[in-house]
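Q: Sharing a structure, written as structure tokens. Questions coming.
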Amino acid sequence: MTRPSRLFFYGVLREGVGDWPFLEGLGMGSEASVQGALFAIPDPGGWYPALVLTRAGHATNVVGTLHDAGEVDLGVLDAFEGPQYERVAVPVDGWEAGGSEAQAYVWTGELPEGAEAIAHGDFAAWLAETGRSAFAGE
């Protein structure tokens, strides 16, 4: 896969949600959104989100942060996300410096039991509303 110039994060890798040393080298970010459906996945280590790409007309704005990919180690990032996600190019709205595409981690399988839909598309806001904790590592 070609190295992306931009990465879109919508969950535990968003600024203000988690603190991950492997994101060192990531460029500055700005608020952005993609179209899709967002779900919260329960885990003993905390909740994490799943972005599911949907057909036009069945999507909501999934809120996140768009970054220059910088020098972040994509191998480490891919391993952190795990096999249930695939890093794919998605159309993005909101990049201050222009451009309309980034790579994001999209959920590829069946949603597990206990997954909860996040109708408004903002994982950080959902955490605050529900009082639940974000996944913080193994």
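Taken together, the values in this text are just the output of simple stated rules run on the coordinates, not laboratory data. All values reported here derive from a predicted model rather than from experimental measurement. No Cβ is skipped: glycine too gets one built from the backbone with ideal geometry, and neighbour counts run over all protein chains shown.
Q: Quick one: Karplus J couplings for region 34-39, per residue in order, coefficients 6.51, -1.76, 1.60, θ = phi - 60°, nearest Hz, x for Gly and Pro?
A: 10, 8, x, 10, 10, 10
Q: Relative contact order for region 6-130 using alpha-carbon pairs under 8 Å, separation at least 6, rounded to a whole percent?
A: In percent, rounded to a whole number, it is 35.
Q: With the Cα gyration tensor of the chain giving a ≥ b ≥ c as the square roots of its eigenvalues, does the rule (a/c under 1.5 for rounded; else a/b larger than b/c for prolate; else oblate) give rounded, prolate or oblate?
A: It is rounded, given that a/c, with a ≥ b ≥ c, falls under 1.5.
Q: Check each of the GluC sites (Glu not before Pro) in region 1-47 and keep only those in coil by DSSP with at most 14 other C-beta atoms within 10 angstrom; list them in order.
A: Glu24
Q: What ³J(HN,Hα) values, in whole Hz, does the Karplus curve 6.51 cos²θ - 1.76 cosθ + 1.60 give for region 120-137 when θ = phi - 60°, with x put for Gly and Pro?
A: 7, x, 10, 5, 4, 5, 4, 4, 5, 5, 8, x, 7, 9, 6, 3, 10, x
Q: Which whole-Hz ³J(HN,Hα) couplings does region 67-75 yield from phi under the Karplus relation 6.51 cos²θ - 1.76 cosθ + 1.60, θ = phi - 60°, glycine and proline marked x?
A: For region 67-75, the Karplus-derived couplings read 10, 5, 5, x, 10, 4, 7, 5, x Hz, x marking Gly and Pro.
Q: Under 5 Å between amide H atoms, partner at least 5 residues away or on a different chain: which partners does Ala102 have, H built in plane at 1.01 Å?
A: Hits under the 5 Å cutoff: Val90, Val92.
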